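In what follows, a structure is listed as structure tokens, so that the remarks can point back to it.
Values in this text are rule-based calculations from the coordinates and carry no lab data. No experiment lies behind these values; they were computed from the predicted model shown. So basically every Cβ, Gly included, is an ideal-geometry build from the backbone, and we count neighbours across all protein chains shown.
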Amino acid sequence: MAVKKVLLVEDNPVILISLEFLMKQNGYDVLTADNDVDALNLAEMHLPDLIMLDVMLNTSSGYEICRTLRTRKNLAHTKIILLSALGQTEDIEKGVEAGADLYVTKPFSTRDLVKTVKEMLADEE
């Protein structure tokens with residue numbers, strides 16, 4: 001079984017390092033980006049199995065990146081999790097409309113996040 005690739009897109013370095021450690025600790029090959037341009041380039045080059053995307057980036061909105069990813073033929077079915085401190089119903093609906101598979105509000109349980117990632121990627125096998 002091939003190692004699954006996860007692309008993490010987060011502009012807060014502390015959160016990015018924590019998520020990277022968490023995903024690597026659970027056996028995933030991890031790519032990281034802290035802006036929209038790098039995120040889209042890495043996604044195109046490496047075709048990750050899952051993209052974990054912060055909603056509020058300095059350079060762009062995670063919603064916009066998600067919409068863009070969904071228009072790319074080779075990434076249209078990639079699993080996408082949006083991470084956000086915004087947890088209102090309208091925020092979650094906006095994430096779903098943008099094409100996210102899941103919307104997770106911060107703070108979140110790392111145990112639950114790992115379980116969710118495993119379940120989402122197991123569906124692909």
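This table checks each residue for (1) under 13 Å from the mean Cα position of the chain (by Cα); (2) in a loop (DSSP other than H, G, I, E, B); (3) under 21 Å from Val114 (Cβ atoms).
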| site | (1), (2), (3) |
| --- | --- |
| Asp11 | yes, yes, no |
| Leu31 | yes, no, yes |
| Leu40 | yes, no, no |
| Met52 | yes, no, yes |
| Cys66 | yes, no, no |
| Leu69 | yes, no, no |
| Leu83 | yes, no, yes |
| Leu86 | no, yes, no |
Item to complete: Check whether at least one residue in region 96-117 is surrounded by 13 or more Cβ atoms within 10 Å (Cβ to Cβ) and in contact with a Pro (Cβ under 7 Å, 6 or more places away or on another chain), and report yes or no.
Response: no
Worksheet item: buried (at least 16 other Cβ atoms within 10 Å of the Cβ), farther than 15 Å from Leu16 by Cβ and within 15 Å of the chain's Cα centre (by Cα), is that true of Leu75?
Response: yes
Response to the item:
Filter region 1-24 for residues that are farther than 17 Å from Leu47 by Cα and among the charged types (D, E, K, R); the one that is surrounded by the most Cβ atoms within 10 Å (Cβ to Cβ) is Glu10
Practice prompt. Would you check which residues across region 65-95 are free of Cβ contacts under 8 Å to residues at least 60 places away in the same chain and of a type in the set (A, V, I, L, M) and list them?
Written response: Ile65, Leu69, Leu75, Ala76, Ile80, Ile81, Leu82, Ala85, Leu86, Ile92
